[in-house]
Each structure stands twice: as C-alpha cells, then as structure tokens.
1. May I ask you to rank B:PHE40, A:PHE246 by accessible area, largest first, using a 1.4 Å probe over the protein chains only?
2. For chain B, find the longest principal axis of its Cα atoms and tell me its angle to the long axis of helix B:227-237, 0 to 90°, nearest 10.
3. In whole Hz and in residue order, list the ³J(HN,Hα) couplings for region B:197-204 that follow from phi through the Karplus curve 6.51 cos²θ - 1.76 cosθ + 1.60, θ = phi - 60°; x for Gly and Pro.
4. With unit charges on the beta carbon (Lys/Arg positive, Asp/Glu negative), name the residue among B:LEU195, B:TYR98, B:GLY140 whose Cα is farthest towards the positive pole of the charge dipole of the protein assembly as shown.
5. How large, in percent, is the carbon and sulfur part of the accessible surface of region B:145-303 at a probe radius of 1.4 Å?
6. Which entries of A:LYS101/B:LYS288; A:LYS349/A:LYS378; B:LYS52/B:LYS288 show an alpha-carbon separation above 20 angstrom in the structure shown?
7. Work out from phi, with θ = phi - 60° and the Karplus expression 6.51 cos²θ - 1.76 cosθ + 1.60, the ³J(HN,Hα) of each residue of region A:366-382, listed in order in whole Hz, and give x for Gly and Pro.
8. To make sure I understand the rule: partners must be lysines, Cα under 23 Å from the Cα of B:LYS224, and not fewer than 8 residues away in the same chain. Which ones qualify?
Amino acid sequence: MPTSLLRRAAPLLALPLLAMLPLLGGCGDTAPTAPQGGPATEPVAQTGPILIGEYGSLTGSEATFGQSTHNGVTLAIEEINAAGGVKGRQLEVKVYDDQGKTQEAGTAVTRLITDDKVVAVIGEVASSLSMAGGRVAQQYGVPMISPSSTNAQVTRIGDMISRVCFIDGFQGYVVAKFALDDLKADDIAILYDQGQAYSKGLKEDFARELVAMGGRVATEQAYTGGDQDFSAQLTAIRDTSPDAIFVPGYYTDVGNIAIQARKLGITAPLLGGDGWDSAQLATLAGDAIEGSYYSNHYSHEDTRPAVQTFVSTYQARFGAVPDGLAALGYDATKLLADAMGRAPSLSGKDLAAAINSTTDFPGVTGTITIDPERNARKAAVIVQMKGGQPRYVTTIHPKGAEPAAPAEGAAPAEGAPAEGAAPATEGAATP
Amino acid sequence: MASASLQERARALTPPALPTLVRAWLPVLVLGGLTLLLHFVVGPAVGPYYSKLLMDIGINVILAVSLNIVNGFTGQFSIGHAGFMAVGGYTAGMVTYYGGLSLWGSSLPQGGFLGPGELLFALSCLLGGLAAAGLGYIVGLPSLRLRGDYLALVTLGFGEIVRVLVQQTDDVLFSAEELAAVPVWTLPTKVGGALGFTGLPFYTSLFWVYLFVSLTLLVAFRLKASSHGRAYLSVREDEIAAEAMGIPTTRIKVRAFVLAAAFAGIAGALFAHEVGTTLNPRELGFQKSFEAVIMVVLGGMGSISGAGLAAVVITLLPEALRSVADYRMVVYALALVVMMLVRPQGLLGLHELWDLPLVRRLLRRGGGAR
C-alpha cells in the first residue's frame, strides 16, 4: 500500500522540480516580472476629458456612505466642469461599487487604474476598504485621496495616499474633551465594534485621551457589527451607571443600541464619532437617539458662506441635506482638481506631490492643510440629535491650534496657525 | 508448475513501463506547461486587471476542489473552510512579512521571478498549508466521529473562533527595530486585528496560483481514481456498509478533512499575498466559507471538474454583475433553489466534465485520447 501510494504520488513530487525549470535556463532575472512592477509610467492622454476613479460602498450595509460621497463628488465635478475644467480639459468620474467588501475594493481599484487608466482615485469611507484600495493605488503609483477614512494607518501605506479628513486620534480627543468640558461627564462607558478597525481604533484613542484629561472609563464592552441583541453588554454598562456611553460604531448598529439602551432604562447620553453620520440614524433609532452627541467633519448649520452655498446647491441637485460624507467627497474632488491645476503634469508622481503640498485649501469642511503624514489638519464639530436632525453644538480645534477668539458657530480652523505646531494627536498616533 | 504460470500471468499483467510512465507524467507536463503559459504569455497579454481575475479564479478553484474532497468525496458537511484559509494566510503572512523584515530589513518583495523573496513565499505557502492541516487534524479528530449536521455546526464554530481570535490581535509591527524589540513568540498576536494584516508583500502571481491549482487538481483526480479514494466514496455512499467492509471510516474522514484543510491553507497564503486583497478577519468569515460550499454544491458533490467550473462561474459572476450587484445574493439564492429543484445532484452530479455525452462526442471527433 505505501509503495503503491508513493508510486502514484511520484509525479506530484515533480511539480516543485518543474518550478525550478526556468532556473536551469539561466538567470531568472531576465524573465518578465509579474504584473507588480514599479509605478506605472505610461504617458497619460493629453486631450479629451481627464478620468478620475471612485470606489465606494454604493450597496451593502453601509450604502449611504458610498452614495453620499458619490453625490458630493458628482456635484464637485459638475461645478469644476461648468467653470471650465482643469488645464482646459473636462473632468469625468468613473465609479465602481465595492459592496463594503475589502476584496471587491481591491478589484475595483485595480480595474480603475489598469483597465480604465484613471489619473487619480477617490475613496473609500471605511478605513479597512481604503487600506485594501490604497495598497493597490500605491503599487501602481496612482494618487488616492480618501475622503473620510479616519484610521491613522491608511495614509501610512505610502506617498500616493492622502486624505481630507482628520484622523481618529484627533476625533477621540474631540469627543473626550467635549464630554469632560461641556457635558461634565467624567465617568464614561464604552461599547465598541470589535470587528471594525475604525471602531476599535477610535475606542483606544478616546480612552487614552479621556484618561489623560482626568476622566475614567467605567467599562469597556464589545459587540460585532450586525449583532441584533446588545442587552448583555448594556446591562453590564447600566450596572456601572456611567455619565455617558461612547459608542464608536456605524449608524447601522447604533440605532439598535440606542433603542435597547433606552428600553433597559439607561438615560445617559450616547456619544459617537463620524460613523454615526447618516440620515438613516434617526430613521433607525427614532426617539431613542434624541439628545445624543457625535463628532463630525462639518455641520450643515455652520454659518460660513462656503458651507451655506454648498448646502443649498446640494439640496437643489439631490433634494437632501448633505451629510459629512457628501461634504468630504466634495472637498476631496475639489482639492484633487486644485492639485491637478498646480501639478506640472498629470503623472502619478507630480500629482501626488501637488496633493501633498496642499496648504490652506478652503474646503466646505474647513481649511485643509495636508501635513507631512498626508493627513488633513482641521477642526471637528460636535452635533446633537434633536428632532431627528443633527444640530450644531460646538467646534473643537486641534490642540495648540485654537483660534485666538473662539467665535461661536463660525469659521472653524479659519484662524488655525499654519506654523509647525503638530496636530495634537500626531505624537500619540505614531507608533 | 502453478508458480510458473503465476509468474507468467504476473508478467503479462504488468503494464509496459514506457507508456505507463508517459501516462503518469503527461498530466504533470500539461498542467505545468499551462501554468508557465498563463504566467509568461497570457498574463502580460491581458493586463493586470484580468490577471487578477485569473488569480481570483485560481484561488477559488483550489478552495472549491479541496472542499469537494470533504463535502463531495466523503459526503461530510464542512462549512468552516474559510477558517482554514485564514490560518494558512496568517501563518504564511507572518513568514513572509516578519521573515522578510528580519532577513532583508524590509517587507517589500525581494528579487524577481523565483528570487529569494519568492522562494520564501513558496515556503510560506507550504507552512500555511501545514498549519491549516495540523489544525484540521485537531478539529477533525473529535468532530468527525459526529455525523451530518453536527459536523457542520462544529466547523462553523471553528471558523468563527478563528475569526474572533484574529480580531483580538494587535497592530502589525512596522520596522525591523520594532521586530527585534519583541520576543518571537508574541508575533502571532501582532497581525493587525480587525484592520487586517497589512503590508504583506505582493508575491502571488499567476505562476504560483496555477502551480498550486495544478497540485490540487492532480491530488484530487489521482485520489478519486485510486483504491484509497474509493474508500472515501464508500463512506459517502453508505457509512455502515463501508464500516462492515473493514474501512476505518473515522480515519478516512479525518484524512479527507486534513487534506482539504491543507489546500485551504495554501489558498489562504496565495490570497494573503495577492494585489488588491486584504487579509482581514471580516473577509475570511462565514460568508467566504459559504461561498466555497456553494461552489461545491453548484458543481455537483463529488465532481472535481464541476467544483472547478462552479468556482470560475462564481468568481466571474459578481464582476459581470457589478452594476446590479445588489441582486447578486438573490441570484445566488435563486440559482441554488432552482438547482435543488431541477438538479439536486448539481451541475455535473457525480460525473466529470468529459463524462458528458456532448463533450465525449466532441473529444472523439477531435481524436481525443480519452
């Protein structure tokens, strides 16, 4: 039996030998290398519309993220084209759905870059998806701007990847500071999604900032995105009777959590991050979410003219109030067009250099400066859910970048000093 | 005189050496040739996007064909294949990433085709397969004494356990200095958690994918045609009768399970090092396991070419349906329900592609040797 098995298996042993065949033929180095070569240096067509790629979750459980972003991108492109385009050429956007899955995101970006030959890519919202797409963009040497991925790791992929939003380290600080200073809540429970990098990262940043500023984490409870029953975790939280509960998850789960928390008699306000930002939140949670706060990239109630113009054109075009993701999609596209105008050519290297040297770009979500780590330095706003709508509460600036006279409800980051003062969280977020 | 005739008969029955040798090696040469053709001719000709699709197809073929050894050959119902894939992927990832960091001080790919980096990658694939096989043995030994639904539950639970454990891990280390500062045994906890194991070098190419696809197909076909493989099939057909015939059914089932796990581990290793994939716990969850089961059921339980064919279809379907992606899961479900009603045995049932009357006629007309 063993010998017969061996004889049958013998040809199989030949496979590794077969693998060595090319080696015998001389040096393997002369063989054409696998598709993963260096940065693509193909000449970009000089006439016709400039093609920009976008990938996002247009379907799937976080579909409003992708749709809002796409609306913002579309609006920006229309405005840029109406104003004569970039370098005398019109812009065109090609969008692929990634269904909120990392593998799909990687495939979509590969297709955009190698098949459609886009000059730059915009996407994604969720950090884990930006990581997947970003590595492809870096590999092929095509710049990618993430509108709203806040996990610090995303831009560490390489020099092709940048973003127009703040990072979680800052967001954690913002929520912690707001809770301590404005809510006078220093005993805070945390309920986070252990399956989402965004949620886990934000939780850690928040806990660190809270403790550093003198607060206390009452308890840490975890769930997994898509869970339906949170009663065990919420009961444990209720037993510690915290002043507030921080839920750094996505709106899809937050709705359920809020309803079940109120059912269990928990009256403490819920706090959250930009993952709450969706018109669906109020629909899902109803009255349960009333009075809760979350940090966001902008508020449509901001009185700055740039914001108000954006809100009214967006409403006229899409019939809805733009959420933060729409504003960031809009800003990312406008910033990209601005960089294209400044770049000597549209090759990946030149364009990335132009994007990375952006300073004081006037965006809807604040004045954007891309820092050496390719993250955007800017302020965050805190909004409160009232009557099913997120209402503007306050603006919180990066540490050491507070404007001299904090003006209520006006011009966040407008007066932020541009000198070398690092964003508050930079040191903490760097390993 | 009896012995003389016995010797003569034995000599007469011994197949001639040369044709046997040719027949034994022909598939190896053909598959190897196809692999090289894909890598050096087809890949550069179709460009990176279609190359990536071809790689995705190859990885799914490995998954489907290997799962078919358990679900198709022995008739057990395992739905934890993605768990083994994850084990293989993370093991291989640690080897290439941390191995690369400590050997060359960089996690970037080293050397060209079959350069030192790729050899490390080949080693990591085998280690990934071994790790998955080892775990398959540990999981399989107690649970394969169970039958039907219970095995499904155990394997489902296993897949979830792997996923949740990986979620709890810490961030990936970025540099050789950081790597030197921590003890080696803590490395399995530094694989990125929910964000995924990022920064893995992109070693996976058409060559490596189809090398392992060839290996999987050869093993599966040789197994199915062997007496050892017939023992697998007998377990599926009637466990009690097989036991009565002296077949150690539990041992056979464990063997099938370990073999399938090993290939799933290799598939995971290839997946981990592919451009545009991220090795993260969310990706290798229940859905991925179920996708593999769908491929096997769709292709026909026990049909190797059926599983391969279904893997191709199911990989390409979402790409073709990207515009109506919302309805993709509906299409899946519908296809399965229709399948259960119309062809409960799957596309090809127990048969292989060339057993179909149409294909057979074509082969004969074309002067095919089968």
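The values are calculated or read from the model by the stated rules, or taken from the named source; none is laboratory data. These numbers come from a predicted model, not from an experiment. Every residue, glycine among them, receives a Cβ derived from its backbone with ideal geometry; neighbour counts consider all protein chains shown. The area values use the complete protein model at the heavy-atom level, side chains included, leaving out ligands, DNA and RNA. Shrake-Rupley method; radii C 1.70, N 1.55, O 1.52, S 1.80 Å.
1. B:PHE40, A:PHE246
2. For B:227-237 against chain B, the angle is about 90 degrees.
3. Listing the rounded values in order: 7, 9, x, 5, x, 8, 9, 4 Hz.
4. My answer, from the dipole projection, is B:GLY140.
5. So the carbon and sulfur contribution to the accessible surface is 65 percent.
6. Too far apart for the 20 Å limit: A:LYS349/A:LYS378.
7. x, 7, 9, 10, 7, 7, x, 8, 6, 9, 8, 9, 6, 8, 10, 10, 10
8. Counting by Cα, and skipping residues close in sequence, B:LYS224 has these lysines nearby: B:LYS253.
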